[in-house]
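Here's the structure we're looking at; comments come further down.
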Amino acid sequence: MESSPINRLSPDSLHQIFSSLPLRQIMICRSVCKFFNQLLTSQCFTEIISARPPLNLLALRPPHHRHAADAHPYIHVYDPDEDQWFRFNLDFLPFRSPQPVASSSGLIYLWGDSVNSADSSKSLVACNPLTRQFKVLPQLGSAWSRHGSVLVDSANRVMVLTELAALYFSGRVVANQWLKFSSNLPSKPRSPVLMSCSVFALCDVGSPWRSQWKLFSCKLTNLTVTHTNWTCLERHEWGDIFDIIKRPRLLGGEGDSKLLMIGGLKSTFSLNPACSTILILRLDLESLEWEEAGRMPLDMYRGFQESSKFKVFGGGDRVYFSAKRMGKLAMWDLWGGWRWVDGVSGYGDGLCRGFVFEAKLTLMQ
């Protein structure tokens with residue numbers, strides 16, 4: 001490379017040339033040689049391409065059996081546009097057994113044990129695997145990592161929500177601390193989502209022998225000194241929409257104005273009915289009107305019908321499904337319909353979970 005004609009070009013010229021490449025090709029060029037890596041990881045170049053559209057990827061959480069402190073940490077990532085699996089190394093993090101749990105705006109949030117601490121206290125860490133930068137949020141106890149759901153929105157506001165309490169972190173330098181509130185929910189929140197400056201969660205308000213799901217929301221501006229003010233979202237026009245879905249889950253839809261609810265489509269209204277397929281419903285948060293967004297084909301649903309447990313994850317315009325002993329994922333694409341995703345490895349029972357990772361080359365503040 002020292003005698004290459006490319007060295008005769010100024011850094012500014014090289015930055016302009018490489019900035020015309022798609023993000024995928026930029027990441028490939030970084031691994032060609034040390035010169036390219038230094039050039040394409042510099043602050044100047046990162047600032048030039050920081051406004052580029054992100055890569056919409058799927059990041060899988062590590063399997064539960066991979067907790068060894070000496071294991072090389074990584075994130076297993078799927079690119080649906082290229083139909084390829086690859087890994088992002090997390091070896092730049094000074095934490096033991098990092099466990100990724102959420103992502104937003106190019107950052108991945110994970111729980112990590114300090115290598116210098118003998119106790120089991122965990123920290124919530126935000127990092128960008130592409131720039132290999134990270135920052136540690138104010139420390140939390142291990143109970144939050146075991147029982148709390150980590151929610152992040154497009155403004156990188158963070159909430160850790162449990163059945164009893166909620167922790168909120170705005171990321172502002174002035175506060176730089178967690179604010180604690182009582183959850184004040186009628187039951188344990190299922191699949192909570194933080195979007196459009198509000199938190200959404202499903203709660204079972206039924207009896208021990210029959211579930212009755214309701215949708216609750218709380219605006220971040222309604223966080224008071226002591227508790228969260230939740231509102232049950234109901235409309236007469238919705239009818240029995242929550243009664244036709246078995247074991248519903250929530251995911252954020254495309255943009256900040258759509259909310260997805262996914263679950264089994266009940267075949268009858270009996271006490272423990274069988275399901276005919278998996279249904280995806282979409283709620284417009286502005287008009288509060290539901291519509292059907294997708295319905296799993298019957299030949300694909302047969303694999304999930306035989307499984308006693310399956311997971312739903314993703315969001316935006318793509319939703320993924322995994323089940324025990326499947327060995328692959330089912331994917332719903334808003335624009336491309338349904339298809340199988342092969343290549344899932346490292347999960348003994350085939351059951352995995354994940355989240356959307358919008359990969360961007362942006363510097364952390």
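Side notes on the structure shown:
- Helical segments meeting 18 Å axial Cα length and Kyte-Doolittle 1.6 threshold in the chain (DSSP H): none
- Charge tally in the Cβ shell below 13 Å around Ser104, where Lys, Arg are +1 and Asp, Glu are -1, Ser104 excluded: -1
- When only Cα pairs below 8 angstrom with a gap of at least 6 residues are kept, region 1-50 shows a relative contact order of 29 percent.
- The ranking of Cys203, Cys232 from fewest to most other beta carbons within 10 Å of each one's beta carbon is Cys232, Cys203.
- Pairs beyond 19 Å (Cα-Cα), from Lys246/Lys311; Lys188/Lys214; Lys122/Lys309; Lys219/Lys258: Lys122/Lys309
- Computed over the chain, Kirkwood Rh from alpha-carbon pairs, angstrom: 22.2
- Distant alpha-carbon pairs in region 1-50 (separation over 16 angstrom), percent: 33
- Cβ-placed point charges (K, R +1; D, E -1), dipole of the chain about Cα centre in debye, nearest 20: 860
- Toward the positive end of the charge dipole of the chain, with +1 on the Cβ of Lys and Arg and -1 on the Cβ of Asp and Glu, the farthest Cα among Leu281, Thr268, Ser121 is that of Ser121.
- Computed [θ] at 222 nm, helices only, for the chain once each DSSP H run of length n ≥ 4 contributes -39500 (n - 2.57): -3000 deg cm²/dmol
Quick note: the coordinates plus some simple rules give every number you see, no bench work behind them. In this text the structure is predicted, and so the values were computed from the model without any measurement. Cβ sites come from the backbone with ideal geometry, for glycine too, and all protein chains shown count toward neighbours.
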